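A quick write-up on the structure given underneath.
The values are calculated or read from the model by the stated rules, or taken from the named source; none is laboratory data. Remember, it's a predicted structure, so these values are computed and weren't measured experimentally. A quick note on method: Cβ atoms are made from the backbone with ideal geometry, for glycine too, and the neighbour counts reach across all protein chains shown. Note: accessible area is taken over every heavy atom of the protein model, side chains too, but ligands, DNA and RNA are not part of it. Shrake-Rupley method; radii C 1.70, N 1.55, O 1.52, S 1.80 Å.
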Amino acid sequence: MKKRIGNLWKMAALAVITAGGFQCVTETSPESVFEINGMQAERLGRGLVAFARADTSIYLGWRLLADDPDDIAFNLYRRIIGAVPDNDWVKVNSEPITGSTNYVDKGSDYDFLEGNSPKIHEAHRYRVTKIVDGKEEEMPGGETFVFFMLGDHNYHSILLNDPKSSVGKVGIGDLDGDGAYDFVVLLNPLQYVDPGTCEDCWYRSRDTYKLEAYSSTGKFLWRHDMGWAIETGLWLAPFMVYDLDGDGRAEVYVKAGEGDPRELDGHVVSGPEYLLKLDGETGKVLQKRPYIPRNIEKQRSYDWTSRNFMSLAYLDGKRPSLLMQRGNYGIIKIEAMDRNLKTEWMFESTGEYENCWGGGGHNIRIADIDGDGRDEIIPGTFALDDNGKPLWSLKLYHNDGSEVTDIDPDRPGLEIFYNIESRLPRNGLCLVDAATGKFLMEYDQPTEHVHNQATVADWDPAHPGMELWCGPDRGDPEQRPFLFSAKGERLSDSFWLPGSPVWWDDDEYKELASDGKVFKFGGDTLQWNAGDGIPVDLFGDWREEMLAFPQGEIRIYSTLLPAKNRKVCLMQDHQYRMGVAAFSVGYSTEPQLGRNHARP
């Protein structure tokens with residue numbers, strides 16, 4: 001397939017003006033944009049990483065990119081600064097590397113590192129070059145140092161400014177345009193209280209939410225105080241990290257207010273509300289516009305109207321749009337905006353669209369569900385077309401979780417697995433056709449509240465397609481979890497999923513990560529020190545890392561297993577990338593690959 005690659009946008013001069021009390025910016029006038037197959041994309045570097053293994057070898061991994069030619073090959077070079085004698089770059093591989101995008105260097109000698117100290121050692125360096133048509137070239141992101149950790153602890157650590165701080169949510173994007181992923185974290189003002197629980201919502205908190213940005217190398221970039229107008233609670237402080245304007249650097253979009261409008265109970269029912277665009281590298285406010293208006297006078301419960309979400313979608317199949325959502329359990333309002341934050345369309349679950357009323361979930365799923373090359377939006381138990389018009393509604397009201405991907409490879413298109421929080425006479429669990437909402441699997445028993453997030457992945461070779469799992473119905477006295485095959489067959493009512501599904505070795509099945517271990521389903525442990533967190537492909541080859549947040553820290557655990565194959569990095573699968581963008585709002589769940597790419 002032919003790949004189209006454009007240049008980075010050249011920005012017109014930025015002019016900040018004041019109009020009607022809002023900060024505005026002149027529209028960008030790009031000459032061209034970096035594209036893959038006609039779609040705006042991130043310009044990623046090679047993402048080379050190197051980890052010392054317990055046997056003193058060095059594991060190395062780097063990205064295969066979507067625009068790489070099929071016959072691309074690679075060379076690896078090593079340099080140890082300060083060794084006796086000092087050396088220049090030495091090629092590690094005897095022949096160009098073609099079969100994979102990782103390598104285990106068994107010829108490295110790091111005895112001089114004073115006992116393999118548990119830290120990054122910048123003296124021990126590697127670089128990877130590419131070979132195309134017999135010509136060798138260096139590449140952005142093609143050089144790195146080695147992460148040395150005692151006991152084979154294979155993680156990259158970014159220390160937060162405050163060692164006692166607690167991360168509530170994370171946004172991932174290239175803030176500085178160097179081709180590596182940086183991090184924007186929402187610090188939890190409650191410190192030791194889980195920000196994902198509703199028990200911490202709607203009271204006068206002790207502190208405000210803050211956003212902090214850190215580079216891929218751990219450098220602190222900036223802090224943004226969201227202020228007292230942002231209420232305490234996971235649902236009330238949405239932000240999004242992505243390169244919407246196309247200049248090659250991700251921006252940060254965040255909800256904002258003014259002053260301290262909190263009521264005694266912590267509710268914010270008055271005062272202006274805004275959407276801010278922050279410069280990703282500096283945190284400076286670039287643009288300011290009104291947020292979606294409140295629905296308080298129309299709602300039965302403050303909870304129903306105060307939930308806020310953001311998301312991204314390529315509504316025209318070429319350029320990203322930003323989505324704002326307000327409301328979840330009753331009236332749902334969604335506004336789509338272009339790169340200049342101008343409204344493209346608005347949706348409200350009233351009037352002719354009342355069948356979508358109360359159908360919001362705990363996150364927004366983005367996928368091309370009808371195969372037209374443009375993204376659709378699945379806010380919960382209904383779906384919107386790229387123009388904001390409803391495609392279908394299940395009329396099942398609020399769902400606790402959902403996953404959208406090619407669950408059943410024998411069927412064309414995508415499927416959605418739901419678990420429903422609302423009390424229902426049937427279909428508290430269901431599998432539906434994503435394009436039409438047609439039920440493919442129906443649970444015919446009454447349910448009170450099917451909780452725990454829906455999880456779909458192929459971890460068991462015994463069954464074709466993916467396995468579907470979620471926790472038990474709250475009304476079930478025996479608390480039996482649910483496990484189904486892709487065909488809708490209930491496989492077990494006693495199986496508790498022992499971890500997060502993650503691609504860790506090089507076969508087509510996912511492994512499971514739990515209690516710091518990664519293991520095959522029903523089989524061997526592959527790695528003992530792999531952390532617990534969210535699976536996401538942040539660097540290295542196509543396999544996923546585990547992103548974790550111990551107190552005062554961001555940790556990224558990597559596989560140390562060499563692969564015998566090579567595949568394009570997962571972050572260049574569009575639906576997967578939209579799923580990673582959603583980590584900063586709602587419940588964070590495993591990102592899923594898109595149409596025709598359920599397996600990497």
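In this structure the amide hydrogen of Gly142, modeled in the peptide plane, comes within under 5 Å of the amide hydrogens of Arg46, none closer than 5 places in sequence on its chain. Share of carbon and sulfur in the accessible area of the chain stands at 49%, probe radius 1.4 Å. What the Cβ-Cβ distance of His463 and Asn529 gives, at R0 = 22 Å and to the nearest 0.05, is a FRET efficiency of 0.15.
Applied to region 38-50, the Karplus parametrisation 6.51 cos²θ - 1.76 cosθ + 1.60 on θ = phi - 60° returns per-residue 3J(HN,Hα) values of x, 10, 4, 9, 7, 8, 8, x, 6, x, 5, 10, 9 Hz, with x for Gly and Pro.
Each peptide in 180-186, 523-529 receives the mean, over its residues, of other Cβ atoms within 10 Å, and ordering these scores from highest gives 180-186, 523-529. Full extension of the chain segment joining Ala54 with Tyr509 gains 161.2 nm, where the gain is 0.36 nm per residue of separation less the Cα-Cα distance. The order of the peptides 486-493, 553-560 by mean Cβ neighbours within 10 Å, most packed first, is 553-560, 486-493. Peptide packing: for 574-586, 454-466, 219-231, the average count of neighbouring Cβ atoms within 10 Å per residue gives the ranking 574-586, 454-466, 219-231, highest mean first.
Can you work out the accessible area per residue across the chain, with the rest of the protein chains kept in place, probe 1.4 Å, in square angstrom?
Values: 23270 Å² over 600 residues.
Per-residue accessible area for the chain comes out at 39 Å².
By definition, a body whose alpha carbon gyration tensor gives a ≥ b ≥ c is oblate when a/c is 1.5 or more and a/b is not larger than b/c, and region 410-509 fits this oblate description.
In the list (i) 62, 26, 20; (ii) 73, 25, 23; (iii) 38, 29, 24, the label attached to semi-axes √(5λ) of the Cα gyration tensor in Å as derived from the coordinates here is (iii). Estimated from helical segments only, the mean residue ellipticity of the chain at 222 nm is -500 deg cm²/dmol, where each DSSP H run of four or more residues counts as -39500 (n - 2.57). Each label was represented as a point 7 Å from its Cα along the Cα-to-Cβ direction; for Trp496 and Trp345 these points are 4.5 nm apart.
Kirkwood Rh and Cα-based Rg: tell me the resulting Rg over Rh for region 305-378, rounded to two decimals.
Working: Rg = 12.3 Å, Rh = 12.7 Å.
In region 305-378, Rg relative to Rh is 0.96.
A crude spin-label estimate for the pair Gln479 and Glu137, with each label 7 Å from Cα along the Cβ direction, gives 5.8 nm.
Candidate cross-link partners of Lys487 among the lysines, defined by an alpha-carbon separation under 17 Å and a same-chain spacing of 8 or more, comprise Lys438. Take the Cα of Lys164, step 7 Å along the line toward its Cβ, and report every residue of region 514-552 whose backbone nitrogen sits under 18 Å from that point. Residues 550-552 qualify, since their backbone N sits under 18 Å from the label point.
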